[in-house]
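The values are calculated or read from the model by the stated rules, or taken from the named source; none is laboratory data. The structure displayed is predicted, hence computed values, not measured ones. Here Cβ is always computed from backbone atoms with ideal geometry, including for glycine, and neighbour counts include all displayed protein chains. When the accessible area is computed, the model is the full protein with side chains, heavy atoms only, and any ligands, DNA or RNA have been set aside. Shrake-Rupley method; radii C 1.70, N 1.55, O 1.52, S 1.80 Å.
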Amino acid sequence: MQLTSNSDKITRDYFDSLLVETRYVDSVIPSTQLQLFGENFHTPIMTAALSHLHNTTPDGMTIYAHAAALSGAVHWVGMGSDEELEAIVATGARTIKIIKPYADNREVLRKIKHAVKKGCIAVGMDIDHAFNSEGGFDNVFGMPMKAKSTAELTEFVQAAGIPFIVKGVLSPHDAEKSLKAGCAGIVVSHHHGMISYAVPPLMVLQDILSVTSGSIPVFVDCGIESGMDAYKCLALGAKAVSVGRHLMPLLKSGAQVVARRIDEMTAELAGVMARTGIGSLEKMDSTVIHRRAF
């Protein structure tokens with residue numbers, strides 16, 4: 001019998017291994033304002049690039065987007081029809097569209113063109129959906145996938161004309177390739193345990209930041225459930241964080257309830273910032289974080 005791990009549990013354990021020191025003297029009321037791609041947002045706590053939320057509740061995708069709009073948060077969206085993306089953008093959510101690594105690059109380019117036309121602030125690709133668990137190329141809802149080369153990513157970047165982001169980076173290797181392709185951002189993520197024994201995003205974040213050297217924003221996804229989790233990511237150098245599965249159970253209660261939880265997490269983040277002497281996102285300090293034995 002082959003042993004498998006719970007990558008999500010490993011990620012949770014790593015979050016919980018990070019401890020925070022307090023700094024009260026000369027501290028101020030903090031700001032959680034995020035500046036990204038020339039726009040201002042109320043919070044660095046973003047929605048994650050989820051797909052097929054209609055399986056959770058009818059109109060789940062637009063409810064999710066509306067919640068982001070209500071909270072002044074960046075909204076990310078994954079796989080879906082053109083009509084669904086149009087409905088999402090119509091909620092007023094400032095949206096980043098993540099496209100699957102379709103084997104047919106014509107479909108990738110078509111999706112990019114549509115997202116740009118409909119007003120998305122950025123587009124990107126989740127590169128970790130290229131392979132299945134048996135060593136072949138993946139197939140998602142009948143659509144064949146294929147791993148992409150640096151040259152292909154460069155083509156997508158040039159075709160977009162707006163920021164292009166690579167999601168599913170979990171190594172300095174892929175970070176370097178993304179940077180070489182001209183990508184405008186990276187999402188450090190293992191896609192909710194796409195592979196067993198996946199390194200926690202925060203464990204590899206510093207190595208990835210050493211590659212990007214502040215030239216592009218680096219975001220963190222996977223396992224974020226609180227403002228404290230978000231704080232740890234931001235303190236260690238992430239530009240912003242994405243929250244998905246933590247919000248999914250709230251969708252049935254409507255956009256207002258989902259937005260309230262985003263607002264609560266933002267307030268939790270502000271509370272930790274105040275107690276650690278961090279006045280703004282630009283002043284995050286990794287020396288606040290200490291790690292106990294994992």
Checklist entry - Looking only at segment 248-294, which residues are part of a loop (DSSP other than H, G, I, E, B) and hydrophobic (A, V, I, L, M, F, W, C)? => result I278, M284, A293, F294
Next on the checklist: Quick check on this structure: which one of L109, L19 is of a type in the set (A, V, I, L, M), in contact with a strand residue (DSSP E or B) (Cβ under 6 Å, 6 or more places away or on another chain) and farther than 25 Å from R260 by Cβ?
Outcome noted: L19
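Filter segment 20-49 down to residues that are of a type in the set (A, V, I, L, M) and either at pLDDT below 95 or over 21 Å from S226 (Cα atoms) (or both), then give me how many there are.
3
Restricting to segment 108-121, count the residues that are in contact (Cβ under 8 Å) with a residue 12 or more places away in the chain and either over 24 Å from A48 (Cβ atoms) or in a helix (DSSP H, G or I) (or both).
Qualifying residue count, segment 108-121: 8.
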Checklist entry - Within segment 23-57, which residues are crowded, with 23+ Cβ neighbours inside 10 Å, among the aliphatic types (A, V, I, L, M) and in a loop (DSSP other than H, G, I, E, B)? => result A48, A49
Item to check | Contacts under 6 angstrom Cβ, first residue in segment 36-65 being at positive phi, partner crowded, with 16+ Cβ neighbours inside 10 Å and outside any strand (DSSP E or B), 6 or more apart | outcome: F37/I121; F37/P163
Checklist entry - How many residues are touching a residue at least 40 places away in the same chain (Cβ under 8 Å), out of contact with any helix residue (DSSP H, G or I) (no Cβ under 8 Å at 6 or more places or on another chain) and surrounded by fewer than 24 Cβ atoms within 10 Å (Cβ to Cβ) when one looks only at segment 207-231? => result 1
Checklist entry - Only one residue in A293, A267 is in contact (Cβ under 8 Å) with a residue 12 or more places away in the chain and closer than 20 Å to V74 by Cβ, so which one is that? => result A267
Checklist entry - Restricted to segment 117-137, and to residues that are of a type in the set (D, E) and surrounded by 20 or more Cβ atoms within 10 Å (Cβ to Cβ), which residue is nearest to I195 (Cα to Cα)? => result D128
Next on the checklist: Tally up the residues in segment 66-105 that are closer than 18 Å to I162 by Cβ, of a type in the set (A, V, I, L, M, F, W, C) and open to solvent by less than 20 Å² (accessible area, probe 1.4 Å), please.
Outcome noted: 9
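For H114, state whether it is surrounded by 22 or more Cβ atoms within 10 Å (Cβ to Cβ) and of a type outside the set (V, I, T).
no
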